[in-house]
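Participant: Have a look at this one before I ask anything.
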Amino acid sequence: MKIVNNFSLINHNTFGVDAIANQFTSISSINELKKIISSNESKEKIFIGGGSNILITKKIEGLVIHLNIKGISSKKIDNNYTEVNIKAGENWNEAVIWCLKNDLGGIENLSLIPGNTGAAPIQNIGAYGVELKDVFTSCEVLNVNTNEIVEFSKVDCQFEYRNSIFKKNKNYIILSVKLKLTHANHKLKVDYGSINEKLISLGIVNPKINDIANIVTQIRKEKLPDPKEIGNSGSFFKNPIIKKKQLEKLKLNFKDIPNYKISDENYKIPAGWLIEKAGFKGKRIKDYGVHKNQALVLVNYGNATGKEILEFSLSIEKAIQFIFDIKLENEVNII
Ligand code: EPU
């Protein structure tokens, strides 16, 4: 376990921001992690996984700890279900592919989501009608204050749309995640509009989990920029939830406003639509901007700083507040 001084994090955040950490280390076991937490004197300790949901806006004066604990195992629970245990440092999509190869179903809609498995519960990753919480059973967590390992059940995690206890309480580091997947009688989720359309256009009548994974991968590739080519962190904002009354009011000026009913009183509005309507889609200033195919994704074309991207996001927030009277919230964690 080597500690490097003045380390550039450019290869450790998918935004590709060239921010410096005073100290950096990468750990590959729980023992190494415990040791570094108890021995390093830096007050500021920042834990990162795949770096796919962070925007670093400053020099980090403390220690950055890259969590790189690997391993996947599985065991059959009954005739239908298998429990899969994935260590935090496993790349999420590689874990999805491992499950597909073993004919394990439940996370095929979550194909190609960037980042590591340890980050998946933090924001309860979701896409195309499935959220992590739908297959999650528990996770193993290190409490950095006590250096103790505890098991969190699904209820303990307090999952909500793009939210969990881990967003509110930063003392917990996720070490591994357990999922309950099907090895027989897979329950496919195909109701998300664009999946259904692709199935029809490809003439697939009885889709398999691999078909869904391929379709989701294709849709994501069409819409979302590859962080290896254009720096980004996926959706920058959450889709806001507004009251029915406000939606009715907005419909007077914006007849075509898309909305999804959450409950009798609450409706989710696609932030991508709001940002596009406000004229930001495809806009580029210097090396930062809004992606041309998905207005919810902010991008770094090369040399943008985290501070520039953050300030740009604030100007988008201001415009959305002014035009629609809707407050956007970040999905990405700002450091
Ligand atoms: N839309 C626009 N313009 C845009 C983008 C979207 O008008 O530029 C509108 C359209 O009405 C479209 C609707 O938004 O029908 C929904 O768009 P999309 O299916 O692309 O999904 P999203 O709501 O923008 C969410 C997740 C994505 C996830 C997709 C697919 C959030 C914050 N984002 O995006 O997650 O892949 O659904 O399920 O909930 C991520 O979290 O990083 C992420 C990419």
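Participant: In this structure, does E140 turn out to be at pLDDT 95 or above and over 23 Å from V216 (Cα atoms)?
Facilitator: Yes, satisfied.
Participant: Could you tell me whether V205 is open to solvent by 70 Å² or more (accessible area, probe 1.4 Å) and not in a strand (DSSP E or B)?
Facilitator: It is true that V205 is open to solvent by 70 Å² or more (accessible area, probe 1.4 Å) and not in a strand (DSSP E or B).
Participant: From G62, G89, which residue is touching a strand residue (DSSP E or B) at 6+ places or on another chain (Cβ under 9 Å), in a strand (DSSP E or B), closer than 22 Å to L175 by Cβ and not assigned by TED's automatic domain parsing to the domain that holds V299?
Facilitator: Every option except G62 fails the conditions.
Participant: Here is a list: S38, S28, S42. Which entry is among the small types (G, A, S), surrounded by 15 or more Cβ atoms within 10 Å (Cβ to Cβ) and more than 25 Å from the chain's Cα centre (by Cα)?
Facilitator: S42
Participant: Also, I was wondering about something else. For I230, are the conditions met, namely being of a type in the set (V, I, T) and in contact (Cβ under 8 Å) with a residue 60 or more places away in the chain?
Facilitator: yes
Participant: While we're looking at this one, here's another question. Could you please let me know if S73 is touching a residue at least 12 places away in the same chain (Cβ under 8 Å) and not in a strand (DSSP E or B)?
Facilitator: In short, no.
The values are calculated or read from the model by the stated rules, or taken from the named source; none is laboratory data. Quick caveat, the model's predicted, so the values are computed rather than measured. Please note: Cβ atoms are built from the backbone with ideal geometry, for glycine as well, and neighbour counts cover all protein chains shown. We work out accessible area using only protein heavy atoms, side chains counted, and drop any ligands, DNA or RNA first. Shrake-Rupley method; radii C 1.70, N 1.55, O 1.52, S 1.80 Å.
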